[in-house]
Amino acid sequence: MAHVGLHALGAFADRMGLGDALSSAIPWGGNGIPVHDRGKVLTQMALVLAGGGESCLDIEHLRIGGVLFGSVPSDTTVARTFHEIQPRARAAIAEAAAKVRTAVWRRSSATNGTDRVVLDIDASLVEVHSENKELEAVLLTAPLADQVRGLVERGVSVIACSTTMRQHGVAADQLLAGVRVVPSGVGQLVRRQRAGWAYLRP
């Protein structure tokens with residue numbers, strides 16, 4: 001049942017002609033007609049990404065739903081399709097997608113079809129953890145203080161570990177405004193990862 005929503009999204013993309021538009025932007029250099037239309041392959045991979053997929057292998061989630069999605073390529077075909085796309089084709093794909101996007105907005109009651117539309121998307125929750133050497137970056141005297149303030153103003157949660165603060169003799173009033181102190185930076189990371197957050201360490 002989880003894929004029914006993706007089927008509806010795919011049907012909408014088909015009605016708007018996204019697959020055909022992408023197909024026209026991707027030249028076919030092989031013999032005859034490809035088994036899987038390249039524009040359709042890209043559209044199906046867009047559905048995979050919308051469903052939480054992260055790689056070509058995740059196309060298998062659509063392949064098991066043949067009743068909903070019809071003929072779905074293998075992950076090998078998907079990888080080959082991406083590999084075959086050259087810079088000129090990428091530009092043509094972007095142009096084709098832009099035309100379809102314009103057509104979608106013209107059908108929407110959210111715009112009159114000519115005014116600029118600004119989408120304010122905030123779908124990512126971000127925390128920056130400051131421990132050991134990184135603690136210096138969130139101090140009032142930090143060289144990058146203005147950049148950190150900018151992140152806070154944009155909604156990024158900046159965290160400082162109280163244990164590390166004690167070890168370095170840093171008081172709370174030495175931190176930049178908006179920096180939140182937690183009892184344990186490691187504990188905060190564990191809680192976030194258990195909740196499904198991703199941990200990216202530069």
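Read the figures in this text as sums done on the coordinates, not as results from a lab. Predicted model, so just to flag it, every value in this text is computed and none were measured. Note that we place each Cβ from the backbone using ideal geometry, even for glycine, and neighbour counts take in every protein chain shown.
Tabulated data
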| item | result |
| --- | --- |
| Residues whose placed amide H lies under 5 Å from that of A160, excluding near-sequence neighbours | S130, R180, V181, V182 |
| Surrounding net charge for H61, when Lys and Arg each add one and Asp and Glu each subtract one, Cβ distance under 12 Å | -3 |
| Cut-off 14 Å between beta-carbons: net charge of the residues surrounding A79, Lys and Arg +1, Asp and Glu -1 | -3 |
| Residue-by-residue Karplus 3J(HN,Hα) for region 158-173, coefficients 6.51, -1.76, 1.60, Hz, glycine and proline x | 9, 10, 10, 8, 5, 4, 5, 4, 5, 5, 9, x, 9, 8, 4, 6 |
| Environment charge of L140, counting only residues whose C-beta is closer than 13 Å and scoring Lys/Arg +1, Asp/Glu -1 | -2 |
| Per-selection Kirkwood Rh - region 1-81 (Cα, Å, 1 d.p.) | 12.8 |
| For region 127-194, the spread of Cα positions along each principal axis, largest first, Å | 31, 28, 17 |
| Surface/4 estimate of mean projected area, convex hull on alpha-carbon atoms of region 54-99, nm² | 4.1 |
| Between region 23-79 and region 145-177, the alpha-carbon center distance in angstrom | 46 |
